[in-house]
Amino acid sequence: MADGYKFLQTLMDVTIPSMSANQVLNINSQGYAGGTNYMTAGTVTTTNAQPYAVEVVSVEIISPTDVNGNYEDLTEVWFTVDGQSTQNVVNVSGNGWLNMFPLHQRVYGGRDRAVVLGEPFWKVCMSGGGNMPLRNSTIKYVQSLALNVHSVSGFTGAGNGGARIIVKGYRYTPADLAFLAPKFQPAVSMSTEGQITQALPGLSLTFPVPDLSTVAGFAALPGGVGQKAVKINPYWHFATNAQTTQQISPFVLSADSNLGGASGNVANPYQDLGFAFAGTNKAAVIRGYGVQVLSRPSFLQRIGWRINGSDWPTNNGGPGTGQYASDTVNDFVFGDPGYYVGSSTPNTQLGLYEPIPRVQGESLLLAGVNAAPWVASASGNPIPQGAVAFALNGVLIEQ
């Protein structure tokens, strides 16, 4: 490499001792919000990029707990990148039961199972292969990174000192970019059995590679706010069912009636998990998704996807479409597995978390279709309001 070696580095590390109900903290690049410095002692003091270009690869969250060790409410976490909010593409929960970015050393199965935003720029360029713009779905900035956190109920942090959010990635000099730029292949081509057998469009494009003779051009790569005609971003979102579901029938986690959703199904637009892509060139590649039960009995029985009006996956072994998940059986759990590993209290089973499960089989390509995930209850009982949460991650493509 042009500057010798590439080491993963801490870019931002904040500790938030407590928050009041309905508070939003906008923590700037120096770690300050409202005159208070939230940067964790003994770590970085600024996210300012100059003279580098900077890439965010991973995020890790320690969720706040009360004096009894119970999880407290850190509702949403998102970034401001080079002065622009990116909540539309990355909006994650910081609640312990729903921790979408656990500390890597506290992931079941070890660090290698931790899920990151994407492959770093240097790695995709040096390793070769296709679909580099999709693989390099990281957050990039050339000025500064800021952090935003929202708590609906507030938290005391009395049990563990509050919430902590750690952001890591790589820095690039102009010489790095000059060395790597010729190795970046801009072609994207992807199709799946689902697309082909239903005569749906695949994904085919050429990402416009920016001028990387200076660090400023780095912001026009995937995950940067300087992208132009084609935008490729990491996509991480979650939603809870914001109202009681109907019985048995799929409850679509979107407010868009064109997708099978309804007004009030989700708490806010950033928790809307619908993709209204029919008749457009937009697409999403869903790499992982999961479901978590927040209160029992939830009567959850199945989860699935509604794509162009049809529910998937089909099956012959039960009451309807979907994959099975309930209060007692859940192959799709993320965050604190709690009850599923024999505990009804937070993290008493070794203090480990499950990352959002990777899609088993082909990645789910949603190109030129209307789609949204759903949850469904068992016969005779609806799912109570706020009883389940669904999370997904992948890549969003807009052109």
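All of the numbers you see were taken from the coordinates with simple rules; none came from a lab. As the structure is a prediction and not an experimental result, all values here were calculated from the model. Glycine also receives a Cβ, built like all others from the backbone with ideal geometry; neighbour counts cover every protein chain displayed.
Overview of results
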{"read-out": "Calculated FRET value between Ser191 and Arg111, using beta carbons and R₀ = 41 Å, to 0.05", "value": "0.80"}
{"read-out": "Partners for Lys231 among lysines (Cα-Cα distance below 22 Å; same-chain residues under 8 apart left out)", "value": "Lys123, Lys140, Lys183, Lys282"}
{"read-out": "Selected from Gly226, Gly42, Gly322 as most flexible by GNM, with the chain as the system and alpha-carbon contacts under 10 Å", "value": "Gly42"}
{"read-out": "Cα pair distances of the range 232-398 binned at 5 Å [whole percent]", "value": "2, 9, 18, 23, 21, 15, 8, 3, 1, 0"}
{"read-out": "Two-decimal Rg to Rh for the range 197-290 - Kirkwood Rh, Cα set", "value": "1.08"}
{"read-out": "Choice from Val209, Val329, Val266 showing the highest fluctuation, given a GNM over the chain with Cα pairs closer than 10 Å", "value": "Val329"}
{"read-out": "Value of Rg/Rh across the range 190-243 [Cα atoms, Kirkwood radius]", "value": "1.17"}
{"read-out": "Amide H contacts under 5 Å for Phe101, placed H, 5+ residues apart", "value": "Ile61"}
{"read-out": "3J(HN,Hα) from dihedral phi, the range 167-180, Karplus parametrisation 6.51/-1.76/1.60, rounded to Hz, x for glycine, proline", "value": "10, 10, x, 10, 10, 10, 8, x, 5, 4, 5, 5, 6, 7"}
{"read-out": "Loop trypsin sites (Lys or Arg not before Pro), the range 221-306, which have at most 10 other Cβ atoms in a 10 Å radius of their Cβ (DSSP)", "value": "Lys228"}
{"read-out": "Estimated Rh, the range 93-223: Kirkwood, alpha-carbon pairs, angstrom", "value": "18.0"}
{"read-out": "Alpha-carbon radius of gyration plus Dmax, which is the widest Cα pair, for the chain in Å", "value": "20.8, 64"}
{"read-out": "Choice from Ala284, Ala21, Ala220 with maximal GNM fluctuation in the chain (Cα, 10 Å cutoff)", "value": "Ala21"}
{"read-out": "Amide H contacts under 5 Å for Val57, placed H, 5+ residues apart", "value": "Lys168, Gly169, Tyr170"}
{"read-out": "The range 156-162 - phi-based ³J(HN,Hα) in whole Hz, Karplus 6.51/-1.76/1.60, Gly and Pro as x", "value": "8, x, 5, x, 9, x, x"}
{"read-out": "FRET efficiency, Thr345 to Tyr324 (Cβ-Cβ, R0 30 Å, nearest 0.05)", "value": "0.75"}
{"read-out": "The range 152-296, relative contact order [Cα under 8 Å, separation at least 6], %", "value": "12"}
{"read-out": "Shape call, the range 337-399: gyration tensor on alpha carbons, a/c limit 1.5", "value": "oblate"}
{"read-out": "Relative contact order (percent, whole number), the range 232-398, Cα cutoff 8 Å, 6+ residue spacing", "value": "42"}
{"read-out": "Vicinal HN-Hα couplings computed from phi for the range 45-51 (Karplus, 6.51 cos²θ - 1.76 cosθ + 1.60; Hz; Gly/Pro x)", "value": "10, 7, 9, 3, 7, 3, x"}
{"read-out": "Among Met39, Val116, Ser257 the positive-end extreme of the charge dipole of the chain (Cβ point charges)", "value": "Val116"}
{"read-out": "Ratio Rg/Rh [Cα only; Rh per Kirkwood] for the range 14-148", "value": "0.98"}
{"read-out": "Pairwise label distance in nanometres, Asn315 with Ser204, each label 7 Å out on the Cα-Cβ vector", "value": "3.6"}
{"read-out": "Cα-centred dipole magnitude for the chain, charges only on beta-carbon of K, R (+1) and D, E (-1), debye, nearest 20", "value": "480"}
{"read-out": "Hypothetical label at Asp331: residues of the range 360-379 whose amide nitrogen lies under 18 Å (7 Å Cα-Cβ projection)", "value": "360-364, 374-376"}
{"read-out": "Leu364 long-range amide H proximity, modeled H, under 5 Å", "value": "Ile286"}
{"read-out": "Among Phe155, Tyr172, Tyr340 the positive-end extreme of the charge dipole of the chain (Cβ point charges)", "value": "Tyr172"}
{"read-out": "Cβ-based charge dipole, the range 1-145, positive-most Cα from Pro102, Asn68, Pro51", "value": "Pro51"}
{"read-out": "Euclidean distance of C-alpha centroids, the range 1-67 and the range 106-126, integer Å", "value": "19"}
